[in-house]
1. Pairs under 9 Å by beta carbon, first residue in a helix (DSSP H, G or I) in the range 135-149, partner surrounded by 10 or more Cβ atoms within 10 Å (Cβ to Cβ) and at pLDDT 70 or above, six or more apart or different chains?
2. Answer with yes or no whether Leu101 is out of contact with any helix residue (DSSP H, G or I) (no Cβ under 9 Å at 6 or more places or on another chain) and either among the basic types (Lys, Arg) or under 29 Å from Gln4 (Cα atoms) (or both).
3. Can you tell me how many residues in the range 40-76 are at pLDDT below 90 and aromatic (Phe, Trp, Tyr)?
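The values are calculated or read from the model by the stated rules, or taken from the named source; none is laboratory data. All of these numbers come straight from a predicted model, not from anything done at the bench. Positions of Cβ are generated from backbone atoms using ideal geometry, with glycine treated the same way; all protein chains shown enter the neighbour counts.
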Amino acid sequence: MISQQEILKARILIVDDQEYNVLLLEQILQDEGYTNFSATMDPTQVCDLHSKNCYDLILLDLHMPVMDGFEVMKALKEIGNDDYLPVLVITAQPDHKMNALATGARDFVSKPFDIFEVRTRIRNLLEVRLLHKQLENLNHILENYNQMLGETVLNKTTELQASEKRFHRLTELSADWYWEQDVDGQFTKVYGSAQEMNNLPVMDSLDNIREDQGAYWSENERAKLNEESESKHSFLDTVYSRTHADGSKQYLMVSGDPMFDSYGHFTGYSGIGKDVTKRMHQS
């Protein structure tokens, strides 16, 4: 909504070659409480004045020497910053009213003036004009916000991708693989190229590990690992082993932390795993 104060502070220009008409319109505006109005009796100055002051309303007489109101409106369109021409036409010729509206005028009043009509049309046009400007400003703000939001999302996405890349690299350096599993114990993420290099097992869950032909896992160690994961507590460096068909053993060390959502609900585990077979044989 446009306030009364905003309307009374609107910028208004009176354009009429007759001094009597200028003085009458100025008196009407002053009596209504408008505080920011001016006048010119030279229509050739209108475009320059509007370029400098961006009037909210121009009270324009149609019949003037050198440059009539139609020519003024045509020139205003050429310099206009938007498609809204804030012109209230003043004319004593009824047949010119439709032509004035077709040229771009927003409304018209007839000479001689009906003071109530002039006051009403001025106020209505100013309210529409100020609402139009308010909408333009809002659209401009939204465009800037959307642009800023797009740039922010792009920057954050780039940062996240770089961070994820560094994370994956650090994971490969510090562990053989990184893993995440959901609340049901199913693995949702597994990172780490060393998994294949070291012939590590492919794990569907901590309780369901696809076993190689002839290899088997220590049931007691696996039971302990499952018990730790089901407790929803962190576990560190838990070691379990599998025995291959040739009798050799492979040892894996797993650490994990429980994950929770913003409401504190358990959502699964994340952790790292390492092949510690060499270390176990050396100890």
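1. Here the result reads Glu136/Tyr84, each pair linking the range 135-149 to a residue that is surrounded by 10 or more Cβ atoms within 10 Å (Cβ to Cβ) and at pLDDT 70 or above.
2. yes
3. Here the count works out to 1.
Matching residues to (1) of a type outside the set (A, V, I, L, M, F, W, C); (2) within 47 Å of the chain's Cα centre (by Cα); (3) closer than 16 Å to Trp177 by Cα:
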position: His233; (1), (2), (3): yes, yes, no
position: Val239; (1), (2), (3): no, no, yes
position: Ala245; (1), (2), (3): no, no, no
position: Lys249; (1), (2), (3): yes, no, no
position: His265; (1), (2), (3): yes, yes, no
